[in-house]
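Just below is one structure, and these are the notes that go with it.
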Amino acid sequence: MQSSNGDHPPEGTAQSGRGVLVAVVQRAGRWLVPLVALTVLGALATVALPAVLGRAVDEVVAAVRAGESEWGAARGALVATAALLGVIVLVEALSELVSGMGTARALGRLRREIVDHVLAVGPGLTQRIPEGDLVARLLGSSATAAQVVLTAAGLAAALIPPIGGVVALALIDPWLAVTFAVGMLTASRAVHAYLRNARVATVGYQRAQGDIAARLVDALGGARSIAAARTTDQEVERVLRPVPRLRRHGAEIWQTMARLAFQGEPVVLLTQVAVVAVAGIGLSTGRLTPGEMLAASRYAVMAAGIGEILDELAALTRARAGAERVAAVLDQPATSYGTGQLRPGPGQLELRGLTAGPVDAPVIRGLDLVVPAGQTVALVGRSGAGKSLTAAVAGRLAEPLVGQVLLDGTPVDQIDRRTLRAAVTYAFERPHLLGGTVGDAIAFGLDHPSRPGIEQAASAARADGFIARLPEGYEAPLAETPLSGGEFQRLGLARALARDARVLILDDATSSLDTATEAEITAALTARQPGRTRLIVTHRRATAARADLVAWLDVGGIRAIGRHDELWDDPDYRAAFGVEPPHLAVQP
């Protein structure tokens, strides 16, 4: 299991985060135009409502003063008021529908892009961003970022009424607008501090969430070891160690909101009172009509709608923080493939001057190895010698820092992705089986799978026996079929053998098999197969003994190449298989 040390995984830059937000808005597609139109229409109706209502009041007052029994002049203004109210209600309902559809569309396309990019980057991505945190970014951070569609519309809806309110106050009486501006300038410092502190706290909160998710996935992967070692309590403590940090950042978010309310709300309320007081003075001096004073009081509330604006800005801050975490994934460079095709060849694999692993501490340095065409080469060495890394670099599942890999004379980084993946196939110690049925798991990735080919591969991997015992055989649902570790390995091996690849790379792919089954499979794998080259990472002497050649890795490079029985005389070679001390070693 990986140990979590509290280091934060990489985050995207603010610039790339903004790029993600812009892309999300663009992905809303055809829903964006009606959303903007509805938002603007609703905001304008909201701004117009106090003026129309004030006009209706003035006309009603004028009718009463004139002693008219029929309020014909006021009827139009009252109808307009009712119509505006209807428009506001209808627009709000339609906006919820359209914004939801736009957000769902943008989120779906963003998640598709993330998944595509994660697979394009390759397995090395999880060395930089832990699996659990990667899932948290795919599900949580992307959903937060996608809320920018709703937030952008909401921010527009929140901005138009205050702006319209200030303009309306200026049109009614310039002194009203001046009074309002003086009051709101006082609150601007509190708003600026809120936005800055809220972003920092939100980023910290999301990081802590990702850290918990990474630790949980790590613990689930080692659940059997944890249970066997009776360390459940310690693992629970380890997984939940970031919770205080999560709680602290969550408290900071609420504290910034409370601080804003404490500092800003009194200023806003006093500003509204001041505007109404100035309007009252205007009414008493005859400068304003009753309807204008009513409209001014409503516009003062509308212009001071800082609460709604801050809610949307807080949502925008969360969306930006989520977008930066998504950008950290999308900023990872994808594995680039060439456009070349492989020349016909027998499958000779050459590793020239390879240095690979972390930049500051490479695991292998200057490694040279030739795997002759059609032969089996066993890759052996002590744990940590770099066997699996060498096997991964050989087929471009990992990139070397320095050096080159050639297949039949063609550098693998110049080969088209599809051609390379058809030419080099893998079987792993812990295969991940994909597909709906057992047969689908074996055929996974094949363009034109055939039942005879699937059965032949299963037979070669000695998986046909337990498959035949399943009630539904090859049609057994994979998710509902209990499989042992050895059965998993045999299905993974069958998946590799089902491909007509030039090079077959086995990374400890028989380690969970019993001795008899492993011997049968190894004998079949090491038999002469024209046109197929095999590179086998192994810890077992029997497998190394059946190989044509053994490449012995030690201290980051190839220490020796030869037949197993020739190398066995070296006590250090025997120690690579756990045979110590040398004088107790038995003959292979």
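The values are calculated or read from the model by the stated rules, or taken from the named source; none is laboratory data. Computed from a prediction, not measured in an experiment: that's the story for all the values here. Neighbour counts are summed over all protein chains in view; Cβ atoms, including those assigned to glycine, are modelled from backbone coordinates with ideal geometry.
Of the residues making up segment 179-192, those that are exposed (fewer than 15 other Cβ atoms within 10 Å of the Cβ) and at pLDDT below 75 are L185, S188, R189, H192. What are the residues in segment 401-445 that are small (G, A, S) and touching a helix residue (DSSP H, G or I) at 6+ places or on another chain (Cβ under 6 Å), if any? Passing the criteria: A427, G435, G439, A441, A443.
Counting only helices (runs of 4 or more DSSP H) that sit wholly inside segment 21-130, those with at least 3 residues that are surrounded by 20 or more Cβ atoms within 10 Å (Cβ to Cβ), in the same structural domain as A170 (by TED's automatic domain parsing) and on the phi < 0 side of the Ramachandran plot are 32-65, 72-121. Can you pull out every residue in segment 414-442 that is within 15 Å of R490 (Cβ to Cβ) and in a helix (DSSP H, G or I)? Selection gives V438, G439, A441, I442.
Can you tell which of R287, R245, R199, R241 is surrounded by fewer than 19 Cβ atoms within 10 Å (Cβ to Cβ) and either outside any loop (DSSP other than H, G, I, E, B) or modelled with pLDDT under 80 (or both)? Steps first, answer last, please.
On the way: R287 fails: either outside any loop (DSSP other than H, G, I, E, B) or modelled with pLDDT under 80 (or both); R199 fails: surrounded by fewer than 19 Cβ atoms within 10 Å (Cβ to Cβ); R241 fails: either outside any loop (DSSP other than H, G, I, E, B) or modelled with pLDDT under 80 (or both).
None of the other options fit; the residue is R245.
Counting only helices (runs of 4 or more DSSP H) that fall entirely inside segment 463-554 and contain at least 2 residues that are modelled with pLDDT of 85 or more and in contact with a Phe, Trp or Tyr (Cβ under 7 Å, 6 or more places away or on another chain), the qualifying elements are 485-497.
Conditions tested, residue by residue: (1) over 26 Å from the mean Cα position of the chain (by Cα); (2) outside the structural domain of A423 (by TED's automatic domain parsing); (3) within 15 Å of I505 (Cβ to Cβ).
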| residue | (1), (2), (3) |
| --- | --- |
| V359 | no, no, no |
| P362 | yes, no, no |
| G366 | yes, no, no |
| L369 | yes, no, yes |
| V377 | yes, no, yes |
| L389 | no, no, yes |
| R396 | no, no, yes |
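Identify, please: which residue in segment 555-574 is modelled with pLDDT of 90 or more and small (G, A, S) and is, among those, nearest to L354 (Cα to Cα)? Out of the qualifying residues, it is A560.
Residue-by-condition table, conditions (1) β-branched (V, I, T); (2) closer than 30 Å to L260 by Cα; (3) in contact with a Gly (Cβ under 7 Å, 6 or more places away or on another chain); (4) outside any helix (DSSP H, G or I):
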| position | (1), (2), (3), (4) |
| --- | --- |
| G291 | no, no, yes, no |
| A296 | no, yes, no, no |
| A323 | no, yes, yes, no |
| T355 | yes, no, yes, yes |
| D368 | no, no, yes, yes |
| V380 | yes, no, no, yes |
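All told, A279 meets the bar of being closer than 29 Å to V64 by Cβ, over 43 Å from the mean Cα position of the chain (by Cα) and part of a helix (DSSP H, G or I).
Taking only segment 224-238 into account, find how many residues are surrounded by 12 or more Cβ atoms within 10 Å (Cβ to Cβ) and not in a helix (DSSP H, G or I). Give the steps one after another, and end with the answer.
Filtering segment 224-238 for residues surrounded by 12 or more Cβ atoms within 10 Å (Cβ to Cβ) gives 225-226, 231-232, 235-236, 238.
Imposing the further condition that a residue be not in a helix (DSSP H, G or I) reduces the set to 231.
So the count comes out to 1.
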